[in-house]
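Below is one structure, written out as structure tokens, with a few remarks after it.
The values are calculated or read from the model by the stated rules, or taken from the named source; none is laboratory data. This structure is a prediction, so every number in the text was calculated from the model and none was measured. Cβ sites come from the backbone with ideal geometry, for glycine too, and all protein chains shown count toward neighbours. Just the protein is used for accessible areas: all its heavy atoms, side chains included, with ligands, DNA and RNA removed. Shrake-Rupley method; radii C 1.70, N 1.55, O 1.52, S 1.80 Å.
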Amino acid sequence: MSLKVYNSLTRKKEVFEAINAPYVGMYVCGPTVSGESHLGHARPFITFDVVYRYLMHLGYKVRYVRNITDAGHFEEEGREAEDKISTKAILEKLEPMELVQKYTNLYHWAMAKFNNLPPSIEPTATGHIVEQIEMIKKIITDGYAYEANGSVYFNVEKYNTDFSKKGMPYGMLSGRVLDDQIDSTRDLDNQEEKRNKSDFALWKNAPPEHIMRWQSPWGEGFPGWHIECSAMSTKYLGEEFDIHGGGMDLQFPHHECEIAQSTVCNHKTPARYWLHNNMITINGKKMGKSYNNVIKLSELFEGTHPILEQAYHPMTVRFFILQSHYRGTLDFSNEALQASEKALRRLWEAYEWLGKQEINAAVTASDKVQDEKVRQLIGEFDEFMNDDLNTAKVLANMFELSSVINSIKDKHIKADAISGATLQLLQQQLKLYIEDIFGLTGERTADDGKLDGVLQLLIDIRKEAKQRKDFVTSDKIRNELASLGVQLKDEKDGGVSYSIQ
RNA sequence: GGUCCUGUGGCCGAGUGGCUAGGCAGAGCUCUGCAAAAGCUUCUACAGCGGUUCGAAUCCGCUCGGGACCUCCA
């Protein structure tokens, strides 16, 4: 049983084979830190965090590189060269790097909230200007780029002509044919510098108002849109690495250009497997700046966006994302998030309860059918993950297992129906998948046990009240706690547990 | 206009030629002082029209609807 992933490059599910097992190199396009990340951005980072975790679980030694784009890119090509970061910096009266630092910090804060593991290397574009310039020089030397007025452009047509012969045409990833595109490319101003509309910038001459600028062989300027990823992936992962990930909207032109640049320099397609996650939509529309429908992560966690009916815990969002397949769109709504919130709580409580049970491994199953069913549901975790990381199916199985766990808890299923060995396996596999691979964590806030002590005291007082049929007191405790977000649950065996919202 | 994806029950979502997805919501029952929680049972599905097939939600065609990319974008 081996891992299969959908490779955008071949448009097929393929068996994953590492180039240099057990080592795996994975590059994922990170954020542009000119603003705060929004819900849509959360998806690739959570998706590839799970990929990272799963690969490690499979025994690979993964070098996970995720860049930070902190060198400004154009708002719009052509018009007065406006650098996104420097423009905003002027508005906010901040130094560009101060702004970049602020949003980088916010981004890291959100990643930590989501319990995403930090990547092995998180290189910045501004920290790799030298590498980018070197790469551009090489592309010029090889004849695939030209200089014009202090800017450097990639010659797409020449590349396409030469590399089509080698079976690597420009557009191989996105399925575009260059000839079709030339006509369909938008008519932009100030295109005279380019020989062809489809050419893209490797280096841009910086106009005087541009704050972020570096010295280069072509004068003062800043790197083009795509070169940083080629330069940094080559530097840290080599000329050919295993996985390249990112959002589907980056497939063209970003990844296509990346392939072209790297292929000229290294004579091979940079990554073997290209994985693309789909978009998060809101009312069926992609969440994005241009649609003016973004929910920033801080707004999501605090419930401060007008669309939001409440705040959503980062784990709710993580769970929500894992409940769908990464290649499908996922539609945001309050109802959907609220459903995820409840579902996650149910799953977690069953998981937590089982984890606390002392299991006698010597017990044999009195209900072979039930035992077998549980074993099968557990066994399918790997199977589903290996089938292009189907986290949704794994979660579905977990819910079926939760029913079994709750039935044991409520004694609807006999304690010895399932063997000790199976229950131990269940404990172990749930922990592995819920915590280690899916990266979910308990919502309970850490405290030093004082809160628990207080609650246990209240539970005792309520119990005594109930015994003398003083329901006014017992209900008061229950209801007051409920309004504070602490829910008491009377268990079958007379015990009382609680959950905190 | 070009390239491509998609249409599943009240909502979110798996699935993909014959076998229950799952979650949330709704209904009934069990438990309970009453609730909640939990368990059990249950109701709404595969856009429409044709075709292929013993059999299609699943394959093919058409129609209608939604969306993405072609420009920064996760």
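Quick look at the numbers
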{"item": "Heavy-atom accessible surface of segment A:4-277: percent carbon and sulfur, 1.4 Å", "result": "49 percent"}
{"item": "Computed [θ] at 222 nm, deg cm²/dmol, chain A (DSSP H ≥ 4; -39,500 (n - 2.57); rounded to nearest 500)", "result": "-13500 deg cm²/dmol"}
{"item": "At R0 = 45 Å, FRET efficiency that the Cβ-Cβ distance of A:E372 and A:L451 yields, to 0.05", "result": "0.60"}
{"item": "FRET efficiency, A:S497 to A:H108 (Cβ-Cβ, R0 35 Å, nearest 0.05)", "result": "0.50"}
{"item": "Summed side-chain charge close to A:K235 - residues other than A:K235 whose Cβ falls under 11 Å, Lys, Arg +1, Asp, Glu -1", "result": "-4"}
{"item": "Cα pair count fraction exceeding 26 Å, expressed as % - segment A:297-437", "result": "32 percent"}
{"item": "Per-residue ³J(HN,Hα) for segment A:415-424, Karplus 6.51 cos²θ - 1.76 cosθ + 1.60, θ = phi - 60°, Hz, x for Gly and Pro", "result": "4, 9, 4, 10, 5, x, 5, 5, 5, 5"}
{"item": "FRET efficiency estimate (nearest 0.05) - Cβ-Cβ, A:R468 to A:E98, R0 51 angstrom", "result": "0.20"}
{"item": "Which listed pairs, of A:K138/A:K158; A:K138/A:K194; A:K342/A:K450, have C-alpha distances above 21 Å, in listed order", "result": "A:K342/A:K450"}
{"item": "Percentage relative contact order, segment A:4-277, counting C-alpha pairs under 8 Å, at least six apart", "result": "24 percent"}
{"item": "Rough spin-label spacing in nm, given labels placed 7 Å along Cα→Cβ, for A:E122 and A:K342", "result": "3.6 nm"}
{"item": "Rel. contact order, % - alpha carbon contacts under 8 angstrom, at least six apart, segment A:450-500", "result": "22 percent"}
{"item": "Cα gyration tensor, segment A:89-156 - rounded (a/c under 1.5), prolate or oblate", "result": "oblate"}
{"item": "Gyration tensor (Cα) of chain A, equivalent ellipsoid semi-axes in angstrom", "result": "51, 27, 17"}
{"item": "Alpha-carbon centroid distance for the pair segment A:102-136 / segment A:263-290, whole angstrom", "result": "18 Å"}
{"item": "Percent of beta bridges antiparallel (DSSP, chain A, rounded to nearest 5)", "result": "55 percent"}
{"item": "Mean-position separation - Cα centroids, segment A:428-501 and segment A:310-387, in angstrom", "result": "21 Å"}
{"item": "Listed residue pairs exceeding 21 Å between alpha carbons, taken from A:K409/A:K431; A:K4/A:K393; A:K13/A:K166; A:K204/A:K289; A:K411/A:K469", "result": "A:K13/A:K166; A:K204/A:K289; A:K411/A:K469"}
{"item": "Approximate spin-label separation A:D460-A:Y291, in nm, with each point projected 7 Å along Cα-to-Cβ", "result": "5.5 nm"}
{"item": "Solvent exposure of segment A:4-277 as accessible area per residue, Å², 1.4 Å probe", "result": "41 Å²"}
{"item": "Ellipsoid equivalent to segment A:450-500 - semi-axes via the Cα gyration tensor, in Å", "result": "16, 13, 11"}
{"item": "A:E209 versus A:K235: modelled label distance in nm, points set 7 Å from Cα along the beta carbon direction", "result": "3.1 nm"}
{"item": "Rounded if a/c under 1.5, otherwise prolate or oblate - segment A:4-277, Cα gyration tensor axes", "result": "oblate"}
{"item": "Carbon/sulfur fraction of accessible area - segment A:450-500, other protein chains in place, 1.4 Å, %", "result": "55 percent"}
